[in-house]
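For reference, the structure is listed below as structure tokens.
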Ligand code: NAD
């Protein structure tokens, strides 16, 4: 059987599939050619990440397709319900990228707290002519240890963020629409661990008490979670990170809060307009930026490929 991994797949997953009798194609087929390619090659499994769209037309036009797989979380690019109604299996790997996204959150937090993002922009330009000026500009950093980290959305990634935050000595508070209590296992390299119980609180309390905020909720249907009113509730000089989905924070309200010095810095991995984020966001000196790479570590891509391969082997035994 043929597997087309249209947005790429790690070697370990390919090897596992091949060992079980599958042929894996890693050609990147353009969206408009996809249905033809699937039919011409009798593809049974289509694997995508976030780039390729699995539309109703593809589902209708490709009778050979049995499994549609998303490497990662969030299936906004797949017509999931329609595919399932047409008898296709739709699979994903929701747990495999939690650690990678959580680490990126802390990359942005550390960066923002010590102005690394802006220093990295200005040192190449002025580092030799204005070293002392830059030293003064970036001298007023803050530490994470001992501060309160507010996590909005306490699912898989939110809990991973909590684990790292606790390990750093932060006070962790969280809010979630559905999750109540959670026990976070903070484990160490030598097998030792401690369990920390966290009881979620109303969003308003998190907004009022957090020194740093990070969002880990799915794409929302009813507008922004963080808009002007929510920025009003926050502490002065809060740092805020969004590595969940664009459209959760109102970017116009964020820019205003940064300019008013209500918010000290923001870290964004996701944007309202992807893949063409607003220039005002890209150019803002108080925003640490990454191009939606939360799940893009070698380790996560490996876990994703193995998890997909195992599910495919289970669904389509040779
Ligand atoms: P999850 O389903 O495990 O957790 C999401 C949590 O959000 C759930 O507990 C849910 O109850 C809660 N929630 C939903 N709506 C809420 C609301 N309005 N207020 C408060 N809580 C709410 O999902 P996850 O695996 O932790 O992923 C979280 C987000 O991260 C998703 O948007 C996902 O698409 C995104 N993500 C981003 C990247 C990246 O590359 N940056 C990678 C993976 C996942």
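The values are calculated or read from the model by the stated rules, or taken from the named source; none is laboratory data. Since this is a predicted model, take the numbers as computed values, not measurements. No Cβ is skipped: glycine too gets one built from the backbone with ideal geometry, and neighbour counts run over all protein chains shown.
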Residue pairs qualifying under the 7 Å Cβ cut-off, at least six apart or on distinct chains, with the first in region 192-218 being in contact (Cβ under 8 Å) with a residue 24 or more places away in the chain and the second being within 12 Å of the ligand (Cβ to nearest atom) and in a helix (DSSP H, G or I), are 198/162; 207/230; 214/105; 214/161; 216/157; 216/158; 216/161
With the structure loaded, tell me whether residue 172 is buried (at least 20 other Cβ atoms within 10 Å of the Cβ), part of a strand (DSSP E or B), away from the ligand (no atom under 13 Å from the Cβ) and in contact (Cβ under 8 Å) with a residue 24 or more places away in the chain or whether it fails that test. yes
Considering 134, 104, 109, 125, which residue is part of a helix (DSSP H, G or I) and without any contact (Cβ under 8 Å) to a residue 12 or more places away in the chain? 125
Given (1) within 16 Å of the ligand (Cβ to nearest atom); (2) in contact (Cβ under 8 Å) with a residue 12 or more places away in the chain; (3) surrounded by fewer than 15 Cβ atoms within 10 Å (Cβ to Cβ), residue 151 misses just (3)
Kindly check whether there is at least one residue in region 187-203 that is assigned by TED's automatic domain parsing to the domain that holds residue 157, in a loop (DSSP other than H, G, I, E, B) and buried (at least 18 other Cβ atoms within 10 Å of the Cβ). yes
Answer yes if at least one residue in region 21-38 is surrounded by 15 or more Cβ atoms within 10 Å (Cβ to Cβ), closer than 20 Å to residue 309 by Cα and within 16 Å of the ligand (Cβ to nearest atom), and no otherwise. no
Going by the structure shown, is residue 68 at pLDDT 95 or above, buried (at least 20 other Cβ atoms within 10 Å of the Cβ) and either within 16 Å of the ligand (Cβ to nearest atom) or part of a helix (DSSP H, G or I) (or both)? no
Give the residue, chosen from 132, 89, that is surrounded by fewer than 18 Cβ atoms within 10 Å (Cβ to Cβ) and outside the structural domain of residue 50 (by TED's automatic domain parsing). 132
Scan 51, 95 and give me the residue that is away from the ligand (no atom under 12 Å from the Cβ) and modelled with pLDDT under 95. 51
Kindly indicate whether any position in region 212-235 is more than 16 Å from the ligand (Cβ to nearest atom), surrounded by fewer than 21 Cβ atoms within 10 Å (Cβ to Cβ) and more than 23 Å from residue 265 (Cα to Cα). no
For residue 247, are the conditions met, namely being part of a loop (DSSP other than H, G, I, E, B), surrounded by fewer than 13 Cβ atoms within 10 Å (Cβ to Cβ) and either at positive phi or within 12 Å of the ligand (Cβ to nearest atom) (or both)? no
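Here is a yes/no grid of residues against (1) within 30 Å of residue 311 (Cα to Cα); (2) under 17 Å from the mean Cα position of the chain (by Cα); (3) at pLDDT 95 or above:
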| site | (1), (2), (3) |
| --- | --- |
| 91 | yes, no, yes |
| 115 | no, no, yes |
| 154 | yes, yes, yes |
| 157 | yes, yes, yes |
| 163 | yes, yes, yes |
How many residues does region 265-307 contain that are in a loop (DSSP other than H, G, I, E, B), more than 12 Å from the ligand (Cβ to nearest atom) and within 17 Å of the chain's Cα centre (by Cα)? 4
Considering residues that are in a helix (DSSP H, G or I) and in contact (Cβ under 8 Å) with a residue 12 or more places away in the chain, the number found within region 6-55 is 12
